[in-house]
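Take a look at the structure below.
The values are calculated or read from the model by the stated rules, or taken from the named source; none is laboratory data. Because the structure is predicted, anything quoted here is derived from the model rather than measured. In this analysis, Cβ positions are derived from the backbone assuming ideal geometry, glycine residues included, and neighbour counts consider all displayed protein chains. The accessibility values were calculated without ligands, DNA or RNA, using every heavy atom of the protein model including side chains. Shrake-Rupley method; radii C 1.70, N 1.55, O 1.52, S 1.80 Å.
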Amino acid sequence: PPKTKNPNPSGLGRAIINQKAKDVRHHLESGLYTTDLDSASRLKSVTQEGDLDAFLSTAQLAGTEFTAERRNVKIIQPGSTVAQNPYLLSEQEERKTIQKHIENKKRLRVPRRPPWNKTMTAAQLERQEKDAFLDWRRGLAELQERDNFLLTPFERNLEVWRQLWRVLERSHLVVQIVDARNPLRFRCEDLEEYVQDVEGTEGEKGTGKGLRKSLLLINKSDLLTTKQRKIWADYFDSRGVSYVFYSAASATALQEARREAAVASDPVIIAEADDNADADSAEGAPSDDETTSRSPISFDNDYVTDEDLRPDAPSHDEDPPFPEEDVNDVNDSRIKVLSVVELEDLFIKTAPDLSKFTDAFGSYPARLVVGLVGYPNVGKSSTINSLLGEKKVSVSSTPGKTKHFQTIHLSDHIVLCDCPGLVFPQFATTKADLVCDGVLPIDQLKEYTGPISLVVKRIPRTVLESTYGLSIRQKGADEGGNGLSITAEDLLVSYAVARGFTRSGQGNPDEARAARYILKDYVNAKLLYCHPPLDVESEGFNHETHARALLNFANKKRAPTTHVGKNAVTYVPDGEEFISGVEIGQGHRSRAIDGEFFADKSGLSASAFVKGGRQFTRAHMYPHQNAVADDGTPLAGRRARIATVLANAGEAHPGKKQHKKGKRVKQRSGKGYD
């Protein structure tokens, strides 16, 4: 029988689609703006907002209702304070900007939780927190708009800051984790002051300030040389800052190496350890919001290599010093990169007296609560995993991976409290600096010339060439360069050609794709650059780092410099070829033209007169060019005809028909690479 028509053609899916289309049409026709009231996105990290989104979120915090007409548009002309260079600052401008930042650093504050007590209702507390957060947002907006300060993208979601407030109130020791390559960028000085302002055991007003302590954990310290760690130790000691050098990556690698060595020697040890761990977890399992303690296999030694795992290997505490390192610096206890056990002991030694944190019943906590705070992607989760000895916290390079604070039982005496990664408000010189520091995501980058220019400025050309196996083509003054140093375009084009990154169409090098790869290598420390303190010169600070990089990549195979023929205008030689008579600093294109000028029997050859007895060249293509000899003697009659025949003898094509033209071969000019 034929199919009957469905009496109900509009099912659930079609109804949802129709409703969405209706809502969109109503939104467009109404001419009004609306805000997203989805409760599922309350903990979503928000570091950047447009003008409209910032206005709507501010109005929502203030509890203001308004009606805005979309089509009532007024164009405002931009002021005359537009920066001349939108991407980078000159050295003089950068010095002035940094000095201005130092003078106004007290105005950058972390949003405080307003004073509260247990008699307040939830509605009163929420209204008070929103008002305080709104005042903080207005203060930062005043810095940006009135005083023309450039700030880092900071956290704008109140719910994320509430996670920080809870972590500070629960913790006894607050550890701020920073990246060793740029500690001052990731250190928030006002957070250390805020820790002293948190009152009592729960933060309630009137229960006493100054109970908690702070510690600066400089993670990824294995990227610093001994000399660099000593300079930073002197800097923090002079300012009375408690600090410690640590490397979560090295600690984790060491644990893995020792586990593999233990399994290779006796696999039964691991099996018994797993059985004991299961028994311990069955006796007293933590609550749902807590993670189990670290693996029962622990090691007390410092960093070792594969050779150290042998039974007959000699014992040593530190690796042999680099030839440029001072032995006295190596033995300095302040600059030692601590192991896991040493870091745990330091937590207990640095922590305040727990007897001061008494509750209403007069009892004090039995465990030390260590709060971990820091920027996204500085290694908070990796630090926790290294302390635990196994992976318990999700690790990601994307900022904002941890969405809410977590409590983790490290041992019988220490509990870790992990705060979500927070982007604190900081002064910045340019957005290119934020990209190189890993604050802004690279995959969403649209303008890449500024960050790559910083990379070229900070990493020497020899290090770039040895790391990637490149022969970077340097532009001369006639091609837009200065003839002395490479530019961002030089690096991007060389990298793209070597890796085969081309854009569709004419096949030009894909510089944007090359920029993303290079910037990720810079953020991941493949291209290593460490920022010094403000009063230290950067080139001398990184001299040893660059020397080590040259040793590591000394034998790297060179990548192709070009994909065009030698006769193409964009051909790049394998090495820097010197041509006699060519001015230093010229580009390859100019050197090629000058080389052709001095070539024998070239159409661009020089004058046909002897100067100082030196050999010279000139053209012999046409009869009038053979009217004189090489010494300038006039030729006539039979002698001139013979000279013409001899000059053109090598240009005749083989075969019976001497007038037949040679076969034309299609040649690739390579002009698309311009």
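Structural remarks
- Applying a threshold of 28 Å to the alpha-carbon distances of LYS106/LYS526; LYS220/LYS520; LYS105/LYS213; LYS209/LYS336; LYS106/LYS520 flags LYS106/LYS526; LYS209/LYS336; LYS106/LYS520 as lying beyond it.
- Summing charges over all other residues whose Cβ lies under 11 Å from the Cβ of LYS431, with Lys and Arg as +1 and Asp and Glu as -1, gives -2.
- Formal net charge of residues neighbouring LEU184 (Cβ-Cβ distance under 14 Å; K, R +1; D, E -1): -2
- Taking all protein chains together and rolling a 1.4 Å probe, LEU215 ends up with roughly 10 Å² accessible.
- Rounded, prolate or oblate (a/c below 1.5 giving rounded, otherwise prolate when a/b exceeds b/c) for the stretch 204-265 by Cα gyration tensor: oblate
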